Amino acid sequence: MRRIFGAALLAGLIAGLLVSLLQELRLVPLIAAAEGFEAAAHAHGMMPGAAHAHEAAGWAPADGAERRLFTWLANVVAAAGFGLLLTAAYGISGRPVDARRGLLWGLAGFAAFALAPALGLPPELPGAAAGDLYDRQVWWLATAAATSGGLALLAFAPAAFAKAAGIALIAAPHLVGAPAAPADAAGSAPPELAAAFAVASLVTAGLLWAALGVLTGAFYRRFS
C-alpha cells in the first residue's frame, strides 16, 4: 500500500503540473476562443437553452488566477487518481515494473481512458452540440471499462478464445455507438476550432499518460 500510494501521489503531482503547463500553452487559448463564440451566440439569441443551463450550473471559479488555480488543482487530483489505477494494476499483476514497462502501461491507460472514448465522443469545446449528458457518461464509462478489459485479455490471457473475446470487448461500445447530438442542435464554435481542440486534447492526454506510466513505474520500483 505504501508503494501504491507513494508512487501514485508523486507521479500525479509531477504529471498533473506538466499537463497543466501544456494546457496553458495550447488548450486554454482554444477554450477562450470558443467561449467568445459561445458568448456571441448567446447575445444573438442563438443558444437560449445553453444560456439557461449555464445559469443553472451555479458557482464557477472566476476568470483569471482563481480559474487557473482550480484547473491546475483538478489536473493534479485527476493525475493522482489515474496514477492510483496504474499502481494498483502493477500490484495486481504481480509482474516486475520499471520506467520502460510503466510507459507501456501508461499507453494502455491512454487507449482505454482517452483514445477509445474519443472515437465516439471527441473532446468538446464550450458551446458544442452534444447528446444527453447522462447517456454520454454511461457510454464513456462502458467504453473505458470494456477497453481496459479487452486490453487485459489481449496482454495476459494465453488462450486464443480469450484474445478473441478481448477484441470483441474493445469493439462492442463502438458497434453500439455513442449518444448522438440532437439533429437540430448546432455548436457555436467553428468546426476547424473544434477539430484543433480535439487533436490538442488527445495529444495532451497521451503525454499525460506517458508521463504517468514512466513516473509510476520508476517510483514503484524505487519504493520496492
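The values are calculated or read from the model by the stated rules, or taken from the named source; none is laboratory data. Quick caveat, the model's predicted, so the values are computed rather than measured. Heads up, the Cβs are rebuilt from the backbone with ideal geometry, glycines too, and the neighbour counts pull from every protein chain shown. When the accessible area is computed, the model is the full protein with side chains, heavy atoms only, and any ligands, DNA or RNA have been set aside. Shrake-Rupley method; radii C 1.70, N 1.55, O 1.52, S 1.80 Å.
If the condition is being assigned to a loop (DSSP other than H, G, I, E, B) and open to solvent by 30 Å² or more (accessible area, probe 1.4 Å), then the stretch 147-176 contributes Pro158, Ala159. Among the residues of the stretch 21-41, those identified as acidic (Asp, Glu) and in contact (Cβ under 8 Å) with a residue 60 or more places away in the chain are Glu35, Glu38.
Just the residues that are closer than 23 Å to Thr204 by Cβ and open to solvent by 40 Å² or more (accessible area, probe 1.4 Å), please, taken from the stretch 130-139. Don't jump to the end; show me each part of the working.
Kept after step one, since they are closer than 23 Å to Thr204 by Cβ, are these residues of the stretch 130-139: 130, 133, 136-137, 139.
The answer is Leu133, Arg136, Gln137.
For Ala130, the criteria (1) under 22 Å from Phe197 (Cα atoms); (2) under 13 Å from the mean Cα position of the chain (by Cα) hold in every case but one, which is (2). Within the stretch 106-125, being open to solvent by 60 Å² or more (accessible area, probe 1.4 Å) and over 15 Å from Leu141 (Cα atoms) holds for Leu107, Glu124.
On inspection, Ala211 fails the criterion of being aliphatic (A, V, I, L, M), at pLDDT 90 or above, open to solvent by 40 Å² or more (accessible area, probe 1.4 Å) and assigned to a helix (DSSP H, G or I). Picking from Ala172, Ala160, Ala145, which residue would you name as being closer than 27 Å to Asn75 by Cβ and either of a type in the set (Gly, Ala, Ser) or in contact (Cβ under 8 Å) with a residue 40 or more places away in the chain (or both)? The match here is Ala145.
Return the residues of the stretch 116-138 that are more than 14 Å from Pro173 (Cα to Cα) and in contact (Cβ under 8 Å) with a residue 60 or more places away in the chain; say none if nothing qualifies.
Initial filter on the stretch 116-138 (more than 14 Å from Pro173 (Cα to Cα)): 122-134.
Hits for the stretch 116-138 are Pro122, Pro123, Glu124, Leu125, Pro126, Gly127, Ala128.
Residues that are under 19 Å from Val203 (Cα atoms) and either modelled with pLDDT of 75 or more or open to solvent by 70 Å² or more (accessible area, probe 1.4 Å) (or both) number at least 1 in the following helices (runs of 4 or more DSSP H) confined to the stretch 1-99: 2-22, 28-43, 65-93.
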